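Working notes, structure below.
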Amino acid sequence: FGDKVAFVGVSNESVEKVASFSESTPMLYGVAVDSSRKMQDAIGCKAIPLAMVISSDNMVRWQGNPAGLTESIIDQVVRADSGEVELVDRGRWKPKQIKVQK
């Protein structure tokens, strides 16, 4: 997705533990440390791991276990953000109606 998507991990563990883990398990994205769990509390996170796809208008368009996050889901959010499709009720998308010039 190039520069259209940013992936950020958030851990509630210590900086030392995250650094140690990242040495043995390289990650291709940045990881933030929130050991006070402010974000977890703010979003009401009850299960870990949790993945969220947030569009540029700051709306959560998908959330759940990262194993269920597909390229198709991310693509839908990216396309909606670009204006290629328009958002409709509750984060679902439909094609824009385009007038064909004759």
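In sequence order, segment 73-85 has phi-based couplings of 5, 4, 4, 4, 5, 4, 5, 5, 4, 6, x, 5, 10 Hz under the Karplus curve 6.51 cos²θ - 1.76 cosθ + 1.60, θ = phi - 60°, and Gly or Pro positions carry x. Scalar couplings 3J(HN,Hα) for segment 58-69, obtained by applying the Karplus form with A = 6.51, B = -1.76, C = 1.60 to θ = phi - 60°, are 6, 9, 6, 9, 7, 8, x, 5, x, 5, x, 7 Hz; x denotes Gly and Pro. Near Val85, the amide H atoms lying under 5 Å from its own belong to Ala80; only residues 5 or more places off or on other chains count, and H is placed 1.01 Å from N. Stretching Ser72 away from Phe1 to a fully extended chain increases their span by 24.4 nm, per 0.36 nm per residue minus the current alpha-carbon distance.
With the convex hull drawn around the C-alpha atoms of segment 1-47, the volume per residue stands at 101 Å³.
Distances between placed amide hydrogens fall under 5 Å for Ile54 paired with Arg61, all partners being 5 or more residues away or on another chain. For Glu84 and Ile43, a Förster radius of 30 Å and the Cβ-Cβ distance give a FRET efficiency of 0.60, rounded to the nearest 0.05.
Near the amide H of Val31, within less than 5 Å, lie the amide hydrogens of Gly9, all on another chain or at least 5 residues away, with H placed in the peptide plane.
Every read-out reported here was derived from the displayed coordinates using simple, explicitly stated rules and does not represent laboratory data. As the structure is a computational prediction, the values presented were derived from the model and not from experiment. Don't worry about glycine lacking a Cβ; one is built from the backbone with ideal geometry, like all the others, and counts go over all protein chains shown.
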